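Asks: There's a structure below that I have some questions on.
Quick note: the coordinates plus some simple rules give every number you see, no bench work behind them. Quantities reported herein were computed from a predicted structural model and do not represent experimental measurements. Don't worry about glycine lacking a Cβ; one is built from the backbone with ideal geometry, like all the others, and counts go over all protein chains shown.
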Protein chains: 2
Amino acid sequence: MSLADTLNPTAAVLIIGNEILSGRTKDANLPFLAEKLGAIGIRVREARVVPDVEAEIIAAVNACRARYTYVFTTGGIGPTHDDITSASVARAFGVPLERNAEAVARLERHYAPGALNAARLRMADIPAGATLVDNPISQAPGFRLGNVFVLAGVPNIMQAMVDGILPRLAGGPPIHALTVSCELAEGRIAADLATLQDRYPSVEIGSYPYFRNGFFGVSLVLRGTDEGMLDRAAEELAAMVRRLGGTPTLTRGTKG
Amino acid sequence: MSLADTLNPTAAVLIIGNEILSGRTKDANLPFLAEKLGAIGIRVREARVVPDVEAEIIAAVNACRARYTYVFTTGGIGPTHDDITSASVARAFGVPLERNAEAVARLERHYAPGALNAARLRMADIPAGATLVDNPISQAPGFRLGNVFVLAGVPNIMQAMVDGILPRLAGGPPIHALTVSCELAEGRIAADLATLQDRYPSVEIGSYPYFRNGFFGVSLVLRGTDEGMLDRAAEELAAMVRRLGGTPTLTRGTKG
């Protein structure tokens, strides 16, 4: 909550594909993007999953690009009929989709002679004015148009693309996280936790119950850009847990 | 794509929680809901992930409930300060949040004498006019208000809630799926596949490349409500794969 008030740049992730909405495929791209972006101080504030329908993609791209510093789309840039992301993003920006000479050259180097057919050449159709995003795995590029990055849906390709673009993004103060875990029920600590949150408005405190190794417990995650403030809040939180009869375990990051 | 033209009821899934947007937690609720709803003919057409921020939750609930037959929210109904879903949904509908006597009774039966403190009692604050959704695991209920179902975020509780409400939903013709897999590159089959899609507009054909056991291949998923039509399209697709030099494998469902 409180991170919303900071000056960190923001992002939305737009996951495009019927396979996610049918339950066939579990998305793995949002967690990857969220962690990578958070590490350079860009907060993912929203994600949407939309089907392979042009009007839906256009509406989501335009809603998100007006609202957040960056938008990252995943999926729909392959060679088949259901790959309509590039054309949809071009329409969202009101620019033509053009065969991109550099993209064609990359595909020509990648495919065996004669294998670069019309369907594969569609992957070189890029909105006018966009800059290419490198794909070191299978060459078919993503692209950046304005504040929108269009990336592959296949996770290892998407990840390689992200590694290439991260250095070009304007980040903010890194978002740090500390986790205090304990085997107390959420409901036992809730009142004191709310008081602590009130006293540390610049620290975002999340409470996530778990059931692990036969024990119920809760992970209390503190996130913020001020490490000193995080440390102080975590110390108070650990003291609070001890006062309530629990044994706090402190971990750097969010996984404790 | 073509399923959009059918008379099946639709749904949106609204995933509420900073932990999903930070990458800490991988959502498992969308795939579960999508499969369960698809099996009774309700198509999930959109999903959104929003932070624990009241204005964001209100905006997403109102956008989705106006547009889809059903909305399912997950997360944010626990006892801690960051659990604001119930209050936000009440505001989205413009109704008061009230202490619900039946919800209090359920919590009283669940907790040991003296353990039902003020924080836990917050879980009995339900929007006026809502009906409770049973929680057989930890009793704190979800609720239904209009076409919006408010469910827990913890997967095993969410799943138990869904099992309870599925019989109460008005479904549509079940959505069936067949998968034809082969070890041909997507780009080799794309042109013929597009022709097949054009000839079967009521079958949604998705193309999902994979890399498995050292081989590249593609899973071609056919979805639709008309099983006879699906079978015919799958037969044609298998013949097409053989014509292109591949060996098709046909599987019921989407996981082939």
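Asks: Relative contact order for chain A: what percent, with Cα pairs under 8 Å and sequence separation of 6 or more?
Replies: Reported relative contact order: 18 percent.
Asks: For the stretch A:145-256, with only Lys/Arg (+1) and Asp/Glu (-1) charged at the beta-carbon, what is the dipole magnitude about the Cα centre, in debye rounded to 20?
Replies: 200
Asks: What is the distance, in nm, between label points placed 7 Å from the Cα along the Cα-to-Cβ direction at residue B:147 and at residue A:249?
Replies: 4.5
Asks: For n ≥ 4 DSSP H runs only, could you compute -39500 (n - 2.57) per run for chain B, divide by its residues and tell me the 222 nm figure to the nearest 500?
Replies: Dividing the helical sum by the residues of chain B leaves -10500 deg cm²/dmol.
Asks: Right, something else. What whole-number distance in Å separates the alpha-carbon centres of the stretch B:52-85 and the stretch B:209-256?
Replies: Taking the Cα centre of each part, the stretch B:52-85 and the stretch B:209-256 sit 38 Å apart.
Asks: Still on this structure, please answer the following. Hey, with R₀ at 60 Å, roughly what FRET efficiency would residue A:108 and residue B:231 work out to, going by the Cβ-Cβ distance, to 0.05?
Replies: After rounding to 0.05, the efficiency reads 0.90.
Asks: Sticking with this structure for a sec: Under a GNM of chain B (C-alpha, springs under 10 Å), which listed residue has the highest mean-square fluctuation: B:58, B:126, B:42?
Replies: B:58
Asks: Here's something else I'd like to know. Within chain A, which complete DSSP H helices have Cα atoms spanning at least 20 Å along the helix axis and a mean Kyte-Doolittle hydropathy of -0.5 or higher?
Replies: Passing helices, by number: A:227-243.
Asks: Can you give me the Cα centroid spacing of the stretch B:149-183 and the stretch A:123-172 in angstrom?
Replies: Each part reduced to its Cα centre gives a spacing of 34 Å.
Asks: Give the chain B residue with the shortest beta-carbon distance to the rotation axis relating chain B to chain A, plus that distance as a whole number of Å.
Replies: Here the nearest residue and distance are B:48, 3.
Asks: Report the dimensions of the stretch A:125-196 along its three principal axes from the alpha-carbon atoms, largest first, rounded to Å.
Replies: 57, 23, 18
Asks: Ok, one more. Would you be so kind as to identify which of A:44, A:126, A:7 lies farthest towards the positive end of the dipole of the stretch A:2-168, taking Lys and Arg as +1 and Asp and Glu as -1 on Cβ and the Cα centre as origin?
Replies: The one lying farthest along the dipole's positive direction is A:7.
Asks: For the pair residue B:95 and residue A:199, how long in nm is the line joining their label points, each one 7 Å along Cα→Cβ?
Replies: My value for the distance between the label points is 3.9 nm.
Asks: What are the GluC sites (Glu not before Pro) within the stretch B:121-204 that DSSP puts in a loop, where the Cβ has at most 11 other Cβ atoms within 10 Å?
Replies: none
Asks: Starting from a label point 7 Å past Cα on the Cβ side, list the distances from residue B:35 to the same position in the other copies, nm, shortest first.
Replies: Here the equivalent label points are 2.4 nm apart from this one.
Asks: At a 10 Å Cβ-Cβ cut-off, how would you order A:193, A:116, fewest neighbours first?
Replies: A:116, A:193
Asks: While we're here: How far, in nm to one decimal, is residue A:192 from itself in the other copies if the label point is set 7 angstrom along Cα toward Cβ? Shortest first, please.
Replies: Those label-point separations list as 6.8 nm.
Asks: Okay, next question. Scan the stretch B:29-62 for GluC sites (Glu not before Pro) in coil per DSSP, keeping those whose Cβ has at most 12 other Cβ atoms within 10 Å, and list them by number.
Replies: Qualifying residues, ordered by number: none.
Asks: Given springs between every Cα pair under 10 Å in a Gaussian network model of chain B, which of B:170, B:34, B:190 has the largest fluctuation?
Replies: B:190
Asks: Same structure again: Within 13 Å, Cβ to Cβ, of residue A:68, how many net charges do the neighbouring residues add up to if Lys/Arg are +1 and Asp/Glu are -1?
Replies: Its environment carries a net charge of +3.
Asks: For each of B:249, B:69, B:85, count neighbouring Cβ atoms within 10 Å of the residue's Cβ, then give the residues from fewest to most.
Replies: Ranked by crowding around the Cβ, least crowded first: B:249, B:69, B:85.
Asks: Please report the relative contact order for the stretch A:107-245, taking Cα pairs under 8 Å with a sequence separation of at least 6, and give it as a percent rounded to a whole number.
Replies: Relative contact order of the stretch A:107-245: 18 percent.
Asks: Can I ask one more? Evaluate 2.2 N^0.38 Å with N set to the residue count of the protein assembly as shown, then give the Cα radius of gyration divided by it.
Replies: The reported ratio for this selection is 1.02.
Asks: Which Rg and Dmax, in Å, describe the Cα atoms of chain A?
Replies: Radius of gyration, then largest Cα-Cα span, for chain A: 21.9, 73 Å.
Asks: For residue B:239, place a label point 7 Å from Cα along the Cα-to-Cβ direction in every copy; what are the distances to the other copies, in nm, shortest first?
Replies: In nanometres, ordered from closest: 7.8.
Asks: Next question. What area, in nm² and to one decimal, does the C-alpha convex hull of the stretch B:176-252 cast on average over all directions?
Replies: Quarter of the Cα hull surface area: 4.5 nm².
Asks: If neighbour count is taken as other Cβ atoms inside 10 Å, put A:83, A:192 in order from fewest to most.
Replies: Ordered by Cβ neighbours within 10 Å, fewest first: A:192, A:83.
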